[in-house]
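Comments concern the structure below.
What follows is calculated from the coordinates using simple rules that are stated; it is not laboratory data. In this text, all values refer to a predicted model and were calculated from it rather than measured experimentally. Positions of Cβ are generated from backbone atoms using ideal geometry, with glycine treated the same way; all protein chains shown enter the neighbour counts.
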Amino acid sequence: MRSYLAVAACLSLSVAAFAQPGGPDVDKREVSVEAVNRPLTDVLADLGRQIGAGVIGQGTDATLVTLSLSKTPFGDCMDLLADTFSLIAGWEGNALVARSMTHAVQAVDRRLADGEIDALATLMPAANGQVALYGSDGLRKQLAGKLQQIVSERTREWLALGEIDPDLAIMLASIQLQDPALRPALVCLGVRGLVRDGRVDAALEAWNLYLRGDRSPATTAAWAELFTALHYAASPYAVAFWQQSFSPDRVADALGQYWSAKRYQDGLHFARLNLRYATGTGRSSDAARLEQIIATTLGQVRTIDVTCAVDADALTDPRTENKVRVRVGKLSDVYEREFGIRFRVTDMIAWNPPSNNGFEPQYAALRQALGTRKPELTLGFILEVFQMHPSQFQPMHKHLWIGYGCPHVGAYLLTRDFSFEYITPTEALEWTFKPGAVEETLVHEMAHMFGALHVDDPTSVMRPTSNSRVEWSFDEVNRQIIMAGKWRDFSVGVDSLDIPELLTIIDRYHALAGQSATPNGAAQEIARCHLALAKLYSARREPLMARQHLQEVLAIGEPKDVLVEAQAMFAG
């Protein structure tokens, strides 16, 4: 892809496309026009024959001319036609090309919509007075105004989409837009695009040209990404760039934007990178301020948007929706009290869970019910109705699962509600699980989603089986694991956490390894965290650290999917 400097050169070179008009001799040649409702294209062609040069009309076929001129200098004639019919008329080589302004501007707009970087290469020099055109200065101003209008309209569309070719964005920044606020926003998109393309030097140059003194939110977001990219590109300008543009408040603003976009890992890493620079350059007061900003951000209450997928059969009961909301409300109450985490129901949909007792068919049905939705978290509520007296119930397994949350399968959690309906000519009975049992199961399974594991402590909600006594408290080790994973993205699991959080969780998993008589999978979770660390260090260009964590995975040797991925990374 061309650099934006090459685009600027393209605009400069395009000036040559409009050569100077045929010169004084041509403009002084006398021509005559006798036209009554004659196509402008034909009139222009006739003028060309009179001066012995090609005069080509573009977009002029539908324009009819009624005009009578006798022995008029060609230049005066073209000035008149250009002003009267809004023609962009200039010499290109040995031919004079006269374009309808409307036709020409529409063509530019179409090319801009297609992302063509040189869409303005012909008309912008004409509007800026870099080439000679026929007609008055008012015509040139009219052209400049129309170009500003279409570029401004397209810019608003690109900003709404958050997407534009970065070279086009930087090139358009040289144009005076109708709204001055559009320029920095447009350049920010361009800078971020250049960063994503790995063209950090070009991004830095664009920054210095257009954004250096700007403090808008869009510029702060671009600054955060550019600084991070300069650091990992080992740019010699990284430290100077940071020193010129850094302030603790600016880091706080950028971190707030990351948090609003739910890009928690990127935000934490960016803030910690600034802390590293502040410490390394001896700015102890700034470092202390950054530590406070990071701690305050991590200590915020997290609100998780929840989509509840409810068994379609259960939704036929008008009480069901309220019952589901009450249960999520209890889940939210416990987690807000213990960890500063809220759960907010934002959507409720129906689904048809399969009768198969396995988890995979349930997850597949849940994904199908969601369609294109990608909720932050989905709770799948299943209703099991048995037409029998509770005393007659004999499950195939001693332990019948009533909930399942796994942090490795996506942002989904399953919970089952059981109902017994016993109807005889003399008796009608409906029996369900106590609400507390289902709610405790939700709390337990949600802890798994945050990485918590089973323990044998009967007073912990993380004991592996439910009993008659409902518990809402957590053992201390699992509490620390959940706090470290508080800002995880459920759709990607531990891969969404930053290095300090992963190291904390590994340490806590080692503490949990022997705390359950039944295997609780601590070793497998440790391996997953080491693989996540290897990926982070690899992405951050620290191959030796990545290799150390891959070796840890290989030494553990399980689970299989993690081992295979680690082996492939190690071999590469």
Give the whole-number value, in cubic angstrom per residue, of the convex hull volume spanned by the C-alpha atoms of the range 4-160. 103
Given the Cα atoms of the range 87-231, and with Rh set as the inverse mean 1/r over their pairs in the Kirkwood sense, what is Rg to Rh to two decimals? 1.04
Enumerate the amide H contacts of Ile304 below 5 Å, restricted to partners 5 or more residues apart or on another chain; note that Pro and chain-start residues carry no placed amide H. Arg342, Phe343, Arg344
Report the FRET efficiency, 1/(1 + (r/R0)^6), for Asp114 and Asp83, where r is their Cβ-Cβ distance and R0 is 30 Å, rounded to 0.05. 0.45
Quick check: residue separation of Asp253 and Ala288 times 0.36 nm, minus the Cα distance between them. What number comes out in nm? 10.9 nm
To the nearest 0.05, what FRET efficiency results for Ala523 and Gln176 with a Förster distance of 51 Å applied to their C-beta separation? 0.20
Would you please put 101-107, 72-78 in order of how densely packed they are, using the mean number of other Cβ atoms within 10 angstrom per residue and starting with the highest? 72-78, 101-107
Using the alpha-carbon atoms, what tilt in degrees (0 to 90, nearest 10) does helix 101-113 show relative to the longest principal axis of the chain? 30
For a quick protection proxy, order the peptides 283-292, 186-195, 453-462 by their average other-Cβ count within 10 Å, most packed first. 186-195, 453-462, 283-292
Among 538-546, 139-147, the order from most to least packed when residues are scored by Cβ within 10 Å on average: 139-147, 538-546
Using only the alpha-carbon atoms of the range 171-298 as identical scatterers, what base-10 log of I(q)/I(0) does the Debye formula give at q = 0.09, 0.22 Å⁻¹? -0.25, -1.34
Calculate the FRET efficiency for Ala295 and Glu360 from the Cβ-Cβ distance with a Förster distance of 30 Å, rounded to the nearest 0.05. 0.15
State the number of lysine pairs found in the chain whose Cα atoms come within less than 20 Å, restricting to pairs 8 or more positions apart or on distinct chains. 9
Please determine, in degrees from 0 to 90 and to the nearest 10, the orientation of helix 320-339 with respect to the longest principal axis defined by the Cα atoms of the chain, where the helix direction is its Cα long axis. 90
Express the relative contact order of the range 171-298 as a whole percentage, based on alpha carbon pairs under 8 Å and six or more residues apart in sequence. 18
Please work out how much length the chain gains when fully extended from Glu336 to Arg215, using 0.36 nm per residue of separation minus the C-alpha to C-alpha distance, in nm with one decimal. 40.1 nm
Enumerate the calculated ³J(HN,Hα) couplings along the range 192-199 in order (Karplus 6.51 cos²θ - 1.76 cosθ + 1.60, θ = phi - 60°), each rounded to whole Hz, writing x wherever the residue is Gly or Pro. 5, x, 5, 4, 5, 7, x, 9
So what is the 222 nm mean residue ellipticity for the chain from helices alone, if each DSSP H run of at least 4 adds -39500 (n - 2.57) and you divide by all residues, rounding to the nearest 500 deg cm²/dmol? -16500 deg cm²/dmol
Is any residue of the range 228-250 close enough, with backbone N under 19 Å, to a label point placed 7 angstrom from the Cα of Arg540 along the Cα-Cβ axis, and if so, which? 228-235, 238-239, 242
With 0.36 nm assigned to each residue of separation and the Cα-Cα distance removed, Thr281 to Val326 gains 11.0 nm
Could you give the nm distance between label points at Glu157 and Gln567, where each point is 7 Å from its Cα heading toward the beta carbon? 5.1
Taking a point 7 angstrom from the Cα of Ser260 along the C-beta vector, which residues in the range 187-229 have backbone N less than 15 Å away? 215-224
Compute the angle between helix 217-232 and the longest alpha-carbon principal axis of the chain, please, reported from 0 to 90 degrees and rounded to the nearest 10. 80
